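Encoded as structure tokens, the structure appears first; notes follow it.
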Amino acid sequence: MRCLVVHAHPLGQSLTRHFCDAARDELTACGHAVDFLDLYAIDFDPRLTARERATHHAAEPDHGAVLEHTSLLAAAEVVVLVFPRWWFGLPAILKGWIDRVFAPGVGFAHGENFGPIKPLLVNLRHAVAITTLGSPWWIELFVMRRPVRNQLKNAVFRACAPRAGFTYLPFHSSETANPQRVGAFVGKIRSALAVLG
């Protein structure tokens, strides 16, 4: 399958990057074609441009400034997002990537009279979110109610690719992680990706 892996961490030697590399290695070992975007390394601009916003509802929206990204997304059968959690939210660079790349004419089409949008990511079979956060699991689940999982699963992928499966892999208490726990989580990543088909 055609896979798109998107990494969003400013440090090249981060725990997040370690998990990203494990995901890429597993997908490659399974025989998938893997496209890779390291948003910080390519200095991706997360800001929606005036032109992109002005043509948001046009018959032909202008997303030419991110054409390489939209082409990779449209072709992907699997999307893997790997990122840290800051303030229980997406990093700004990843949120901006979604804003600009899951664009009208790419991720969705506008409904008539501002009705429900129509999904366009017909190739997408599975989405995976691999994320690190400093908080323990119970704070994310019981206090914050898993906001990023809900946003990605229900607002982004369900809207643009409702037939795609969704896998959420959070690594909690990342600042106090030991090698055994990191290794176990890498195994969890590999197992989740190995069964994608």
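So for region 61-196, taking the charge dipole from beta-carbon charges (+1 Lys/Arg, -1 Asp/Glu), which of ALA192, LEU81, THR131 sits furthest toward the positive end? With unit charges placed on the Cβ atoms, the residue in question is ALA192. Residue exposure proxy: LEU48, LEU72, ordered by other Cβ atoms within 10 angstrom of their Cβ from fewest to most, comes out as LEU48, LEU72.
The relative contact order of region 1-121 comes to 33 percent, based on Cα pairs under 8 Å that sit 6 or more residues apart. When each full DSSP H helix of the chain is screened for a Cα extent of at least 15 Å along its own axis and an average Kyte-Doolittle hydropathy of at least 0.0, the helices passing are 179-194.
As a test of the definition: which semi-axes, in Å, follow for the chain when you take the square root of five times each eigenvalue of its alpha carbon gyration tensor? Largest first, please.
28, 18, 16
Taking 0.36 nm per residue of separation and subtracting the Cα-Cα distance, full extension of the segment from ASP43 to ASN150 would add 35.8 nm. Dividing the summed helix terms, -39500 (n - 2.57) for each DSSP H run of n ≥ 4, by the number of residues in the chain produces a 222 nm estimate of -8500 deg cm²/dmol to the nearest 500. Counting neighbouring Cβ atoms within 10 Å and putting the fewest first, the residues THR28, THR16 line up as THR28, THR16.
Can you tell me the length gained on complete extension of the stretch HIS56 to ARG158, counting 0.36 nm per residue apart and subtracting the Cα distance?
34.7 nm
When you count the other C-beta atoms within 10 angstrom of each residue and take the mean per peptide, 59-65, 102-108 line up highest first as 102-108, 59-65. Overall, region 46-130 carries a charge dipole of about 300 debye about its Cα centre when +1 sits on the Cβ of Lys and Arg and -1 on the Cβ of Asp and Glu, all other atoms neutral.
If both residues of a DSSP beta bridge must be in the chain, then about 10% of such bridges are antiparallel.
Any read-out appearing in this document is the output of simple, stated calculations on the displayed coordinates, not a laboratory observation. Just so it is clear, the model here is predicted, and its values are computed rather than measured. Using ideal geometry, Cβ is built from the backbone for each residue, glycine included, and neighbour counts are taken over all protein chains shown.
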